[in-house]
């Protein structure tokens, strides 16, 4: 949910070796303060080294992963594998020299180099015996002698074959004047029709059959002799490889330490390179559940990210952030969580000087799609299931991050549930970071000890969010302000204010003498129930007619609430014989029985007198057609209207 995996993917891109990338894939935040501090020191010192010298001699370990297992199986290492071992040992020597003058600048990181072994005897012997991916002639006296014999005989064979292909007697029989090899033996290309004219053995033929490759009898004896010499050569090569493999196997422990050490250096310098790319820095750590972030940036958003200033754990245990959608609430809480995970993984983070992070035992998060217009029951259920799991496990030294708490259900119940969840997590000692739309929760946070409000700043002039977090101030939805700015008539704005702010939910309470958690939540839940039940008749009372009963009549343009659809709509057709009204909800017209309608706003308050309602209900194209057809008859022109 916090996109920690993406951070590891980017970090892996700075690693040289596959084995290091695998280490990064399994990287997890630590909960041990000493370990985290040690990791952070490594990153900081490696960053200092990179600023002095960009080229660090990290060995290429690709191919070395299982190389120490081969001798255990009774097999020899190949020349290519021995070359990799030599490269590792050579890089150990180089990095030891490189780190020699870095001891003052980076004492911890430079010390790792001296835990590795350069093994000069193995290094020198491999260099003497293996050249250019093959065993060198001078690896042993016997090998040198055998190879010299092979060279002499090969020259004899080539000379004889050269004479054949260039002689006048055989020139016309040759397909081309080239000497080649088939099955390890020298041959000449002869035209198929002349194959009986040459004394020799056919070893191969071309795909077309026009050419046969023949070994002349004159060189057969030499070919057999050279084959025997090559067998001797293989035996000598095997002896050399066996000796070298034995030397490598004798230093299995030391080589294993070298591989681990190089992978560790690769990992440390990958962290340092990532730190430079983010322009990140080291931070202070604590075990007091305190977070202070100055000018923090989300590491995946880059320069376009608005800096975040954030505190938690000093005077309050829970922060509730409110404000409009797309204002940056979710990004803010994800930034806090992700930076915390990065710090506990020993990574530098893009924050300003003086920033401080707590070391948490666990970080729990429930982050949904804050931009979705409608949340289904299944989505709500999955969120609640997740939150139940969090509540069962979260405790002191834990950070809980909840996005759009209580959303996706009935507002009154959702608000009550949100408060109860916040209370429970608070009582368990968890640090809480939550976002919500419910104004009642703003008031709850305002009067409840241990809670604080936060909001995302909004520019009413440009109608654009500024993505800046303000702590100590509750956010507003800005719906009325935006509507007024866009030209909504004052009567509607005033009526909306009257509906919204008719009751004061909370008294103004001095926070220093704030009421207890249970008192605040109980008062709010009671108010919520009273609001939710205000239109429901009490038992044994005389029934009072309400708006959605038969006595109520509606006019075209009235705004109503459709209980069966749980949405608002506009009356577009008057009552029919079945007691149904035509209601336009969104872009769809429905026929709804009047008992399922509740008057919201009369048309007189929404539209000027003599307002043409076709502008609301008809498409622009149909209005144009209607205007033309009222003037004169037009063949073929029709107006289609939805009847459903």
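Filtered by the rule that a residue be over 31 Å from the mean Cα position of the chain (by Cα) and part of a helix (DSSP H, G or I), the range 425-448 gives 427, 439, 440, 441, 442, 443, 444, 445, 446, 447.
Checking each residue in the range 111-131 for being closer than 20 Å to residue 53 by Cβ and in contact (Cβ under 8 Å) with a residue 60 or more places away in the chain picks out 112, 113, 116. In the range 321-336, the qualifying residues are those that are buried (at least 23 other Cβ atoms within 10 Å of the Cβ) and assigned to a helix (DSSP H, G or I), and the one that is modelled with the lowest pLDDT is 329. As a summary of the residue check, residue 352 satisfies the conditions (1) closer than 19 Å to residue 48 by Cα; (2) assigned to a loop (DSSP other than H, G, I, E, B); (3) within 17 Å of the chain's Cα centre (by Cα) except for the one numbered (3). Of the residues making up the range 132-140, none is surrounded by 11 or more Cβ atoms within 10 Å (Cβ to Cβ), touching a strand residue (DSSP E or B) at 6+ places or on another chain (Cβ under 6 Å), touching a residue at least 60 places away in the same chain (Cβ under 8 Å) and not assigned by TED's automatic domain parsing to the domain that holds residue 81.
Of the strands (runs of 3 or more DSSP E) lying entirely inside the range 179-266, those containing at least 1 residues that are under 60 Å from the mean Cα position of the chain (by Cα), within 27 Å of residue 145 (Cβ to Cβ) and not assigned by TED's automatic domain parsing to the domain that holds residue 84 span 180-182, 185-191. On the stretch given as the range 54-74, residues that are exposed (fewer than 15 other Cβ atoms within 10 Å of the Cβ), more than 15 Å from residue 259 (Cβ to Cβ) and in contact (Cβ under 8 Å) with a residue 12 or more places away in the chain total 1. Within the bounds of the range 157-176, is there any residue that is within 30 Å of residue 238 (Cβ to Cβ) and either under 60 Å from the mean Cα position of the chain (by Cα) or assigned to a helix (DSSP H, G or I) (or both)? Yes - at least one qualifying residue is present in the range 157-176.
The values are calculated or read from the model by the stated rules, or taken from the named source; none is laboratory data. Keep in mind it's a predicted model, so treat the numbers as computed, not measured. Backbone-built Cβ (ideal geometry, glycine too); neighbour counts: all protein chains shown.
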